[in-house]
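Visitor: Sharing a structure with you now.
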Amino acid sequence: MDGNGRWAKARHLPRAAGHRKGMEAVRAVVRAAGDLGVEYLTLFGFSSENWKRPEDEVKDLMGLLRIYLRRDARDLHEQGVRLRIIGDRARLAPDIQAQLDEVEALTADNTALTLMIALSYGGRDELVQVARALAADVAAGKIAPEAIDEAAFSARLFTHGIPDPDLLIRTSGEQRISNFLLWQMAYTEFVFVETLWPDFDRESLSAALDVYARRERRYGAVVA
Ligand code: FPP
């Protein structure tokens, strides 16, 4: 969800104003995704590298997260959204962890849209966690090294049980993967748009889905 800072700068507003507008875009896009038939939506809300931002900005972002969870929990539930958080949640403040637990429990049985929000998330960090879990299981005799395959690996990712993404949309003209879902994106289609995240809306999502629909996916095979 890139471009909040630039959106604010263009309007001579503080970066926090861009993040606030970004939160409104989150609301609109979650609703639109459900309406457009998207079953899984993952938003990169805060990366493990974002902790390096100035303390005030981290505080603003965490404050917005608290507001979002408090104000939107019921709406998400009514929309049939199941919330799931991926990332190193132990690094988040205890009250945010408690809020996340609460909203995840409230929405656990919903089936219209699974909304994953990546918080304090890093793709390499996730892969290291999987390596550790597998090593521990090998050491405990629960799995033989030869039995480690892609399924055993996937089962230990934060995203276990969730299909790999079909489409990645990156906003604001950036064209990098930035440590996001590294394992899961092996065959993902990438769509890069110039739109800054706060301006990304239902039409932007729909346009990106149209671009995706015209892509031919071969997964390394030859298609006749
Ligand atoms: C990147 O834009 C954006 C972020 C690091 C934060 C994303 C947060 C939100 C959209 C707010 C609320 C989120 C949730 C999940 C409720 P940037 O700050 O790097 O912008 P720039 O590249 O223009 O500087």
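The values are calculated or read from the model by the stated rules, or taken from the named source; none is laboratory data. The structure displayed is predicted, hence computed values, not measured ones. Virtual Cβ from ideal backbone geometry, glycine too; neighbours counted across all protein chains shown.
Visitor: Could you tell me which residue of the range 48-80 is surrounded by the most Cβ atoms within 10 Å (Cβ to Cβ), considering only residues that are of a type in the set (A, V, I, L, M, F, W, C) and farther than 25 Å from Gly123 by Cβ?
Guide: Of all residues in the range 48-80, those of a type in the set (A, V, I, L, M, F, W, C) come to 51, 58, 61-62, 64-65, 67, 69, 73, 76.
After this cut, where a residue has to be farther than 25 Å from Gly123 by Cβ as well, the list is 67, 73, 76.
Details: Ile67: 12, Ala73: 17, Leu76: 24.
In this case the residue turns out to be Leu76.
Yes/no matrix, rows are residues, columns are (1) among the β-branched types (Val, Ile, Thr); (2) within 14 Å of the ligand (Cβ to nearest atom); (3) more than 26 Å from Arg6 (Cα to Cα):
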position: Lys52; (1), (2), (3): no, yes, no
position: Glu55; (1), (2), (3): no, no, no
position: Gly80; (1), (2), (3): no, no, yes
position: Ala90; (1), (2), (3): no, no, yes
position: Ala93; (1), (2), (3): no, no, yes
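Visitor: Test Asp88 against the criterion of being loosely packed, with under 15 Cβ neighbours inside 10 Å and touching a residue at least 24 places away in the same chain (Cβ under 8 Å), and give yes or no.
Guide: Values: loosely packed, with under 15 Cβ neighbours inside 10 Å: no; touching a residue at least 24 places away in the same chain (Cβ under 8 Å): yes.
Against the criterion (loosely packed, with under 15 Cβ neighbours inside 10 Å and touching a residue at least 24 places away in the same chain (Cβ under 8 Å)), Asp88 does not qualify.
Visitor: Write out, first by first residue and then by second, each pair whose Cβ atoms fall under 7 Å of each other, whose residues are 6+ apart or on separate chains, and whose first residue, in the range 131-144, is more than 17 Å from Trp183 (Cβ to Cβ) and without any contact (Cβ under 8 Å) to a residue 12 or more places away in the chain while the second is outside any helix (DSSP H, G or I) and aliphatic (A, V, I, L, M).
Guide: Hits for this filter: Asp137/Ile143.
Visitor: If the requirement is being over 26 Å from Thr195 (Cα atoms), within 19 Å of the chain's Cα centre (by Cα) and in a helix (DSSP H, G or I), which of these qualifies: Ile96, Ile67? Spell out how you get there, then give the answer.
Guide: Working: Ile67 fails: over 26 Å from Thr195 (Cα atoms).
Result of the check over Ile96, Ile67: Ile96.
Visitor: Another question, then. Assuming Leu13 fulfils every condition listed in (1) buried (at least 18 other Cβ atoms within 10 Å of the Cβ); (2) assigned to a loop (DSSP other than H, G, I, E, B) apart from one, which condition is it?
Guide: For Leu13, the exception is condition (1).
Visitor: Looking for whichever is on the phi > 0 side of the Ramachandran plot, within 16 Å of the ligand (Cβ to nearest atom) and modelled with pLDDT of 95 or more here; the options are Gly122, Gly173. Which one fits?
Guide: It is Gly173.
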